[in-house]
Amino acid sequence: MAQEANTQNQTQTIRLRKTYRETEYGGFTKTYVLTPSGQVIRPIASERSGSGNHGWDEWELGLGRYVIITINCPNTRNGPKPFEVRLQCVEYTPGEERILNSAGLYVMRVSMSNLKKWARSICP
């Protein structure tokens, strides 16, 4: 996880960069950043490889609490493909990142309504 503090204009922000992957064999890695109330925060920048299968997304976040949800699925041609979901409630304060809560689960489907529900439940 790449992070750097930006102290321009007396406002401290955190840059968070996460890997993106979506392969032809079903491999998938994507991160979502949400507020504790379930509002999705869109990345400020994204970059993809020539094939579009690999890359990264980057967010610029202010101080406060955020939910980071990373969804991962291995490359498999046959058989069930459960998604591994990693949830973190993170608080950014000046010069510090604190993980307040974390959990992991496996699911067969992921939807935006699930993401919002998980965000509200993991981060008080």
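FYI, it's all coordinate maths here, none of it is from the lab. These numbers come from a predicted model, not from an experiment. Every residue, glycine among them, receives a Cβ derived from its backbone with ideal geometry; neighbour counts consider all protein chains shown.
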> How about the chain: what cysteines have no other cysteine beta carbon under 4.7 Å from their own?
Replying inline: CYS73
> Hey, rough spin-label estimate for SER121 and ASN75, points 7 angstrom out along Cα→Cβ, what's it come to in nanometres?
Replying inline: 3.3
>> Less than 20 Å from a label point 7 Å out along the Cα-to-Cβ axis of SER49: which backbone N atoms in segment 57-96 qualify, by residue?
In response: 57-58, 71-78
>> Compute the helix-to-body angle for 112-122: its Cα long axis versus the longest principal axis of the chain, expressed 0 to 90° and rounded to tens.
In response: 50
> Which entry in (i) 32.2, 118; (ii) 17.3, 54; (iii) 15.3, 53 matches Rg and Dmax of the Cα atoms in Å derived from the coordinates of this structure?
Replying inline: (iii)
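Under the classification rounded if a/c is under 1.5, otherwise prolate if a/b is larger than b/c and oblate if not, where does segment 10-75 fall, given a ≥ b ≥ c as square roots of the Cα gyration tensor eigenvalues? Don't skip to the answer; put the middle values down first.
On the way: a/c = 3.39, a/b = 1.78, b/c = 1.90.
Note, shape of segment 10-75 comes out oblate.
Would you work out the relative contact order for the chain, in percent, from Cα pairs under 8 angstrom that are 6 or more residues apart? Present the calculation step by step, with values, prior to reporting the outcome.
Values: 288 pairs, mean separation 29.5, N = 124.
Answer for the chain is 24 percent.
If each DSSP helix of 4+ residues adds -39,500 (n - 2.57) and the sum is divided by the residues in the chain, what number results at 222 nm, nearest 500 deg cm²/dmol?
Details: 1 runs with 11 residues, N = 124.
Roughly -2500 deg cm²/dmol at 222 nm, from the helical runs in the chain.
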